[in-house]
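The numbers here are math on the coordinates, done by the rules we state, and not lab data. Bear in mind that the values here come from a model prediction, so they are computed numbers and not experimental data. Using ideal geometry, Cβ is built from the backbone for each residue, glycine included, and neighbour counts are taken over all protein chains shown.
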Ligand SMILES: Cc1cc2nc3c(=O)[nH]c(=O)nc-3n(C[C@H](O)[C@H](O)[C@H](O)COP(=O)(O)OP(=O)(O)OC[C@H]3O[C@@H](n4cnc5c(N)ncnc54)[C@H](O)[C@@H]3O)c2cc1C
C-alpha cells in the first residue's frame, strides 16, 4: 500500500481482513500518516454530494459510520449537523435544480424559508435570500477517530506501517509475478502495489511505468475564525448555492472556505492570502459574522480524475497494480466503502457483500476508462 491518508488506511484495513490472509505493508513518505489532504478536510458527510459513480460508495459507508466496529473505534464517528444551501434571488434556478437532483439522491432534502434559515443560523442576512434548502441528515465526521479506527484494524490484524518511506519506483520482479518496490529505505518485494498516493497518484504510477490516469490536484483553502455567538457549535453548516463560500460551526469557531479549486502540482499545499481575503469578503456579504481576523488557515489538495469520479481497482493493463485515487472532495465520507471495494476487486475480483443491493457503476470507477482501449471495452 502506497500512502497513509484515509484512502490508504481504509483499503489497507480491508485488505488485511480478507479471508485469503494477505500480508500487507503500508509505506508512507511522511513521518506522520494523514499529514496531507486527510488532515485538512472539512469533515462533513453529505449524501447528496459527489460524482454519480461515487455516491454508492457513500451509501455503502453509512453502516460503518453509524455503527463502527467497537474493537477498533471506541467513540462515535458522526455528529448530526444539517447543511443549509442558501440562494439569493438571482440563484433561484440553481436552487430549483439542486432541489430536483438532490431529492433524487436524498428524499429528506427540503426547502425552508429564509426566516426559518435565520432561526437555525442567526448571522445569515436573510433579507438577501430568496430560497434555502436543508439537508437535515448530514453529519460532521470525526476524521481523526475514523483514520485511527482503520489504522487500529490494520495493525491489529497483522498489517505493518513504515513511515518516512517514500516509494520512488517499482519494477516487475524477476519471473514476471509481482514487483520490486524501490523506496527511500531500501527495496521491498511484493505481489501487488496499491496506489493510494493522493495527489501523487499519477507520479507513483509513472514511476512503475503504468500509464497515468490524468489526475488533477486542486487546492482548497480553509481557515478558522472565532465565534461571538453562544451555542453556535450546534448550528448547521451553511453554503452558498453556487458554492462560492461555505461556513461550518466547529466548537467555538467557524471553519470558513471560499470553496476554491485551483489546479496545483502535487505538493504540500499552503493557503494563499488572496483566497482567504476573497472568502472573508463573500462571507461578510452574506452574513453578519463581520470577520476581521483569522485564527489559523490551511490548504489541501482535492485530487480529481478527468471526469470527477474516483479510480478504483486493478489496472486492466497491469492487474498487479491497483488504483485507489481521485478521492476529490468525498474521500472521507466514502472511505469505508471505497477501501472495501479496493480490497474486494484486488483480492476477489468482484465487489463483496458490502455492496449487495447497491447499483455500483464499476465502469465509472475503472482505471482504463480514459484510455482508448478502455473505451472500446465498455
Ligand atoms: C479544505 C478541504 C475540505 C474537504 N472536505 C471534505 C469533506 O467535508 N468530506 C469529505 O469526504 N472529504 C473532504 N475533503 C476531501 C478529502 O480530504 C480527501 O478526499 C481525502 O483526504 C483524500 O485522501 P487520500 O488518502 O487520497 O490523500 P492524502 O490524505 O493526501 O494521502 C495520500 C498519502 O500518500 C502519501 N504519498 C504520496 N506519494 C507517496 C509515495 N511516493 N510513497 C509513499 N507515500 C506517498 C502522502 O504523503 C499522503 O500521506 C476535503 C478536502 C479539503 C482540502
- Any idea how far apart residue 103 and residue 274 come out in nm if each label point goes 7 Å out from Cα toward Cβ? 4.2 nm
- Note on the structure: Check: C-alpha center region 304-378 vs C-alpha center region 5-20, spacing in Å is 14 Å
- Note on the structure: Quick shape check on region 79-126: root eigenvalues a ≥ b ≥ c of the Cα gyration tensor, a/c under 1.5 is rounded, otherwise prolate if a/b tops b/c, else oblate, and it reads oblate
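By average Cβ neighbour count within 10 Å, what is the ranking of 169-176, 247-254, 206-213, 308-315 from highest down?
Working: 169-176: 13.1, 247-254: 19.2, 206-213: 16.8, 308-315: 24.1.
Result, highest mean first: 308-315, 247-254, 206-213, 169-176.
Residue separation times 0.36 nm, minus the C-alpha to C-alpha distance between residue 233 and residue 281: what's the value? Walk me through the intermediate numbers first.
Values: separation 48, 0.36 × 48 = 17.28 nm, distance 2.25 nm.
Difference between extended and current length: 15.0 nm.
How would you classify region 49-91 from its alpha-carbon gyration tensor, with a ≥ b ≥ c the square roots of the eigenvalues: rounded for a/c under 1.5, else prolate if a/b is greater than b/c, otherwise oblate? Show your work: numbers first, answer last.
Values: a/c = 5.79, a/b = 1.87, b/c = 3.10.
Oblate, because a/c is 1.5 or more while a/b does not exceed b/c.
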- For residue 25 and residue 160, extending 7 Å from Cα along the Cα-Cβ vector and measuring point to point gives, in nm, a value of 0.5 nm
- Expressed to one decimal in nm², the mean projection of the alpha carbon convex hull of region 1-79 is 6.7 nm²
- Once both label points are put 7 Å beyond Cα along the C-beta direction, the residue 113-residue 242 separation in nm becomes 2.8 nm
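Assuming 0.36 nm per residue, please report the length gained on full extension of the stretch residue 66 to residue 128 beyond their Cα-Cα distance.
Numbers: separation 62, 0.36 × 62 = 22.32 nm, distance 3.68 nm.
Using 0.36 nm per residue and subtracting the Cα-Cα distance, I get 18.6 nm.
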- Sequence ranges 97-105, 147-155, ranked by mean other-Cβ count within 10 angstrom, highest first: 147-155, 97-105
- What shape does the chain have by the C-alpha gyration tensor, where a ≥ b ≥ c are the square roots of the eigenvalues, rounded means a/c under 1.5, and otherwise prolate means a/b greater than b/c and oblate the rest? prolate
- Evaluate the Kirkwood expression for the hydrodynamic radius of region 187-286, namely the inverse of the mean inverse distance over all pairs of different C-alpha atoms, and round to one decimal in Å. 16.2 Å
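With each run of n ≥ 4 DSSP H residues scored as -39500 (n - 2.57), what mean residue ellipticity at 222 nm is computed for the chain after dividing by its residue count and rounding to the nearest 500 deg cm²/dmol? Each step should come with its number before you reach the end.
Values: 9 runs with 94 residues, N = 378.
Helices in the chain give a 222 nm mean residue ellipticity of -7500 deg cm²/dmol.
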